[in-house]
Amino acid sequence: MASVGDGKISLRKLEYPMCAVEALSRLEGLIASRNKQNLAMQIISEFIFLERTKDGDVRKMQTLGISQMNIYQEFQLILALIEYFSRPGRDATRNAIFLSLFGSHLTPQRSRLLSRLISTAVSGSVAPLLSSAGTWMQQVGCKTPPSLEVAQNIVSDFISFSRKTPEQLRHLPMVGPHFAANFMVAVADLYLNEKRGGVLIPPPDALLDAITEWTTENPLLCQAPQQPLVLPAGAIAMPFATPLAGLLRWVVLAPLVSNRQAYSNLHLSLLHTLLKTASNGESTISVHSQDLMQIVTSLQKYCARLAEAKVAPEEDAAYLKSMERFAQAVQIALASNCITNHIQLLCVLETLPPHALMKIVLAAHKKL
């Protein structure tokens, strides 16, 4: 026990950010030892994030820790973390440190720091850190509040005040493909999603252009989350999600709120991605029928509004365009054997107002 106390005492003798830099170096050995996890969390809280609690309870430090860190110290920590994750080393160790620093239950300060850290890594094309951030997103869930906050902050930092896509964001898939794919999963959930506020809000133009460019130039980018994660021994990889379902929702529902050509381009690139997955004779990507049924729900609501306005869906250009894209996507996904539980989806699709192409797709696959 004396050595544990001595270790913390020696860290307390260092000024910030040197205590944080030294703490990061010591963490590698502590995290590798299962019986020292509690000490590792204490060191992270006290010497890296400068969090304090009256009783020193580690769990409280992680959730209620009161930080004494000022803005300048936050900046110093971000630089220290960028330098640490840029060093040569094992991916499993980097990922273990990142997951220990930023778990799934973040204090407001850690959440703010994480968003700034990742934005800095995007700006500086820091590939090792973006790789660890991609692993973190998958482990905590791409659609959980921490991941969505990171995605929203990237949009705010790089997109909101820009008419065209910044170069750093354009090159993101080349620097961090796994992070870029998981970012797409998260950001797709933020827009054209009636589960968020009950209205269809389109993504910013520059974001749409960036994602269209990414998927067009690299049709296999959507499959990046399927790559095995490099985790420390004993860690369990969480289920992955691909951006396909969310982006298909964008292109199908877009005609209801927008007439931008970029959606047509994105639609074509997603169809190309679906075709690519079946090019070797077996499906390598899956689209959950539950996600596609969310599109059906939005189309049903739109048709209900048309009925109130006494407009027949088959006479509404926006509905017809949406259904044409939906039918094409469903046909190729079914032919590529990408859709899970497709029988249930086919039954739900029949509840939509009739559309010629969708009728042909449903008839063809009901025979199989």
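The values are calculated or read from the model by the stated rules, or taken from the named source; none is laboratory data. Here the structure is a predicted model, which means the values were calculated and not measured. Note that we place each Cβ from the backbone using ideal geometry, even for glycine, and neighbour counts take in every protein chain shown. The accessibility values were calculated without ligands, DNA or RNA, using every heavy atom of the protein model including side chains. Shrake-Rupley method; radii C 1.70, N 1.55, O 1.52, S 1.80 Å.
What the table below lists for this structure:
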| read-out | value |
| --- | --- |
| Pairs, first in contact (Cβ under 8 Å) with a residue 40 or more places away in the chain and under 14 Å from Met293 (Cβ atoms) in segment 343-368, second of a type in the set (Val, Ile, Thr) and open to solvent by 30 Å² or more (accessible area, probe 1.4 Å), C-beta under 7 Å, six or more apart | none |
| Residue that is among the polar types (S, T, N, Q), surrounded by fewer than 21 Cβ atoms within 10 Å (Cβ to Cβ) and under 19 Å from the mean Cα position of the chain (by Cα), where the choices are Ser147, Ser119 | Ser119 |
| Thr165, sole failed condition from (1) over 19 Å from Cys222 (Cα atoms); (2) assigned to a loop (DSSP other than H, G, I, E, B); (3) open to solvent by 30 Å² or more (accessible area, probe 1.4 Å) | (3) |
| Positions within segment 208-218 being crowded, with 19+ Cβ neighbours inside 10 Å and either charged (D, E, K, R) or within 21 Å of Gln138 (Cα to Cα) (or both), in sequence order | Asp209, Ile211, Trp214, Thr215 |
| Criterion (on the phi < 0 side of the Ramachandran plot, crowded, with 16+ Cβ neighbours inside 10 Å and part of a loop (DSSP other than H, G, I, E, B)) met by exactly one of Leu292, Leu274, Leu306, Leu229 | Leu229 |
| Scan of segment 250-261 for residues that are of a type outside the set (Ser, Thr, Tyr) and open to solvent by 10 Å² or more (accessible area, probe 1.4 Å), ordered by number | Pro255, Leu256, Val257, Asn259, Arg260, Gln261 |
| Selection from segment 186-201 of residues that are open to solvent by 60 Å² or more (accessible area, probe 1.4 Å) and without any contact (Cβ under 8 Å) to a residue 60 or more places away in the chain | Arg196, Gly197, Val199, Ile201 |
| Selection count, segment 338-363, where residues are of a type outside the set (Asp, Glu) and in a loop (DSSP other than H, G, I, E, B) | 7 |
| Segment 56-75: number of residues that are surrounded by fewer than 17 Cβ atoms within 10 Å (Cβ to Cβ), under 26 Å from Gly134 (Cβ atoms) and at pLDDT 90 or above | 1 |
| Every residue from segment 72-112 that is in contact (Cβ under 8 Å) with a residue 24 or more places away in the chain and hydroxyl-bearing (Ser, Thr, Tyr) | Tyr84, Ser86, Thr93, Ser100, Ser104, Thr107, Ser111 |
| Residue that is within 28 Å of Asp91 (Cβ to Cβ), touching a Lys or Arg at 6+ places or on another chain (Cβ under 9 Å) and not hydrophobic (A, V, I, L, M, F, W, C), where the choices are Asp205, Asp209, Asp157 | Asp157 |
| Residue in segment 17-36 that is open to solvent by less than 40 Å² (accessible area, probe 1.4 Å), outside any helix (DSSP H, G or I) and at pLDDT 90 or above present | yes |
| Condition check for Gln152: among the polar types (S, T, N, Q), surrounded by fewer than 19 Cβ atoms within 10 Å (Cβ to Cβ), at pLDDT below 95 and not in a loop (DSSP other than H, G, I, E, B) | no |
| Single condition Leu200 does not satisfy, out of (1) in a helix (DSSP H, G or I); (2) within 15 Å of Ile295 (Cβ to Cβ) | (1) |
| Tally, over segment 212-247, of residues that are more than 30 Å from Arg90 (Cβ to Cβ) and either among the aliphatic types (A, V, I, L, M) or in contact with a strand residue (DSSP E or B) (Cβ under 9 Å, 6 or more places away or on another chain) (or both) | 3 |
| Phe183 aromatic (Phe, Trp, Tyr), within 19 Å of Leu106 (Cβ to Cβ) and buried (at least 19 other Cβ atoms within 10 Å of the Cβ) | yes |
| Subset of segment 342-363 that is within 32 Å of the chain's Cα centre (by Cα) and open to solvent by 80 Å² or more (accessible area, probe 1.4 Å) - its residue that is farthest from Ser298 (Cα to Cα) | Ile343 |
